[in-house]
Amino acid sequence: MDLATMEWQIRQRFLLDLLLQVHKPLLQGQLFELGSQLKEEPSDYQEGTWPLLSDFMAMVHQQEMPRPFSIFSQLDAKVPQQLSGVFRFLVFARDWTTFKHNACYARIHFHPVLFVNALQLAVREREDCRMMRLPAPYEVLPQLYFEKDIILAAQLTNWQELAPVKITSRRTWKEILASFMGYTQSTLKDLESELLPAEPIVIEAKKELSHLGLDVELNAYWNVIINQLLMDQQDETNEDNTIIDGDRMMAFRGPSDEQLYKDKIYRQKQTESSQNFIYNLQQIVRLLEWEDLVTGQQSMDIIQPRLITTGGKPYRATNISLAQIRSLMQLELENLKKLIENEINVSTDTPLLTANRIIAENYRQLCENMSRAMNDNRLDQPNMFSMGTSNLRDPIYRSLLYQLDQLINAYTKPFSKGFNLNLKINHLNVSRLETFEEIFNTDLINLMDQQLLQTQRNNLQMLQRRLIASQRRLNHRSFSISYEIQLLSTAAATTTMPILIRFYLIQADDHQAKVGYKLASFAGHITKGLNQFVHHFPSAPIPVTLSELYEAKQPPEISKSVPLTRFPSHLLLPRGGSGNKGEGLKFHLHVVISPWQQPHQFMASAIKEVFIEHRDDRH
């Protein structure tokens, strides 16, 4: 084993040890010692970043950060500032040693949901964490993602059922000899035969259908999008903290020029953040709508938000009627529309960009207003609206997403064909499209009420059995899209043109559709003549579990070719249908070519009718 791999194992194990039983007190003495003191010296952080940490440090000293066992609501007005503070606390740490200290401090002193959300964002940004992989959020904090029945069944499991169990008294002296004398693998077979079988204890999620609202991966992804939005908006309010690069083509002529430059950066970042939020919102709504269409069921009616919180307190149901909720939602949306119209009158942006920005900026406040009205003007009790990790399960919240989608569509231009005389798309072919449901397992070890995992010596590897939740999720068979782009003329024969290639699905019978479901985006280059393209879309892999990460011996492989879209890969295709003649659900696949620097301009497009089938062959 080389030194780089050894270093990776040490760092990966540190992160996993920190996240095991994250909602319980930290019992490992070494980790507790690392997090015992707050690092407050500017020299402990990257140069120039200390002013960005001053508010966070003040909040820590004034005890304004949510504590581990407090009620935590992501609708609290202070959460964006708290999340941004913990993120900076982790990402601006000068080196790996300081990062370890800060991560342990945050693990001990802050609420686990806040800590996990910030850590998830920070690990993606740190260069020394580039090869690290965190467990899925639904394995780290399963109480926020899995239904009550699964949580209670896991908590009733005795941890001794997972540990090595003696069958005869002979094991004691054999184990001692093995540890001191180092038996060979063949000699230790007798020892292993005296242990319980290693089959996992399985808690099955008994559902007739893998509804998207219950998809833990999709809920975890949506939670990241919400956290990123809140944090970006918090950063945008700190205009005084904008760091201006001095290496420019032309110096500022005065304070007004510098302010204009700051305003430009602010608008660009604001637009990017809001567009990402709106894009993901619409992706989710399209999938939910099409799932209901295929299944013939209204998922908002059949999914019950039966979850529990880490604090042991049940989520609180609203006591107002459905008619009152609808009236409240309509009132909030009317106020939001007035804000959009007022901004359109003074903004230089397009109506759609303005609407997207206003909706994103007011999203958290909108949810807070509705939550207060439905919960007696209180945010100090757990409810479905208060957790970004579970809100896709809430019928009221999902109804709000549908309404926001309709509001966005009111400012969206119809999907246009677009064309360029010098550019043509020929021979568009799509292989068979098929979805299916598959079984996948997630690790519930963080629900075990035991100290074996959090002692001075971490002994997860000693457990002979795993505790897992067995669920179904939607996936798709491998497929490919091939086509030919013909460029008739360029300035020079050798000139290459950078382009953006996007694929959209639009329901064939929806003639009023203004926006489609984005299948994928790719960057490409074309030259004069014929340019052949083939894109392969494999089935999504089963997620790696916490236990598998813990036992990994090598760093994970990093994909060299990743589509620009980051939407969960197992939801690449919407659920297919059987159709009257086995044809499946009919869609129009739109291929759109745009200049790389001008994605809103269409150079060429093509449409092909496709069918998505669904096979009920679960395995």
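The values are calculated or read from the model by the stated rules, or taken from the named source; none is laboratory data. Owing to the predicted nature of the structure, the values given are computational and were not obtained by experimental measurement. Methodologically, a virtual Cβ is constructed for each residue, glycine included, from the backbone with ideal geometry; neighbour enumeration extends over all protein chains shown. What goes into the accessible areas is simple: the full protein's heavy atoms, side chains included, and nothing from ligands, DNA or RNA. Shrake-Rupley method; radii C 1.70, N 1.55, O 1.52, S 1.80 Å.
Please go through the residue pairs LYS337/LYS413; LYS206/LYS586; LYS413/LYS608 and name each one whose alpha carbons sit more than 26 Å apart in this structure. Numbers along the way, then the final one.
Values: LYS337/LYS413 17 Å; LYS206/LYS586 30 Å; LYS413/LYS608 21 Å.
Distance filter (> 26 Å) returns LYS206/LYS586.
Report the extension gain between GLN486 and GLN554 in nm, rounded to one decimal, defined as 0.36 nm multiplied by the number of residues separating them, less their alpha carbon distance. Please report the intermediate quantities before stating the final value.
Working: separation 68, 0.36 × 68 = 24.48 nm, distance 4.42 nm.
Using 0.36 nm per residue and subtracting the Cα-Cα distance, I get 20.1 nm.
Show me 331-342, 70-81 ranked by packing, highest mean number of other Cβ atoms within 10 Å first.
On the way: 331-342: 14.8, 70-81: 18.5.
Going by the mean number of other Cβ atoms within 10 Å, highest first, we get 70-81, 331-342.
Please report, in Å, the Rg and the Dmax of the stretch 32-159, where both are computed over Cα atoms only.
Computed over the Cα atoms of the stretch 32-159, radius of gyration and Dmax are 15.8, 51 Å.
May I ask you to derive the FRET efficiency for ASP128 and HIS427 from their Cβ-Cβ distance with R0 = 41 Å, giving the value to the nearest 0.05? Mind showing how you got there, number by number?
On the way: r = 47 Å, r/R0 = 1.15.
The formula returns an efficiency of 0.30 here.
Run the quick spin-label model on ALA4 and ILE607: label points 7 Å from Cα toward the beta carbon, then report their separation in nm to one decimal.
Reported label-point gap for ALA4 and ILE607 is 5.0 nm.
Kirkwood hydrodynamic radius (Cα pairs, Å) of the stretch 70-141?
Final number for the Kirkwood radius of the stretch 70-141 is 12.6 Å.
Where the accessible area of the stretch 88-169 is counted over protein heavy atoms with a 1.4 Å probe, how much of it, in %, is carbon and sulfur? Write out the running numbers ahead of the final one.
Values: 1480 of 3000 Å².
C and S fraction of accessible area: 49 percent.
About the Cα centre of the stretch 1-143, how large is the charge dipole given +1 on each Lys and Arg Cβ and -1 on each Asp and Glu Cβ? Please answer in debye to the nearest 20.
380
Label points 7 Å out from Cα along the Cβ direction at LYS413 and HIS600: separation in nm?
Computed distance between label sites LYS413 and HIS600 equals 0.8 nm.
Multiply the residue gap between GLU334 and THR495 by 0.36 nm, knock off their C-alpha separation, and tell me the result in nm, one decimal place.
Numbers: separation 161, 0.36 × 161 = 57.96 nm, distance 5.12 nm.
Gain in length upon complete extension: 52.8 nm.
Mind giving me the FRET efficiency for SER327 and VAL544? R0 is 56 Å, r the Cβ-Cβ distance, nearest 0.05 is fine. Before the final figure, lay out each step's value.
Values: r = 46 Å, r/R0 = 0.82.
Rounded to the nearest 0.05, the efficiency is 0.75.
For ARG615 and HIS61, what does the FRET efficiency come to when R0 = 56 Å and r is the distance between their Cβ atoms, rounded to the nearest 0.05?
On the way: r = 59 Å, r/R0 = 1.05.
So, using R0 = 56 Å, E works out to roughly 0.40.
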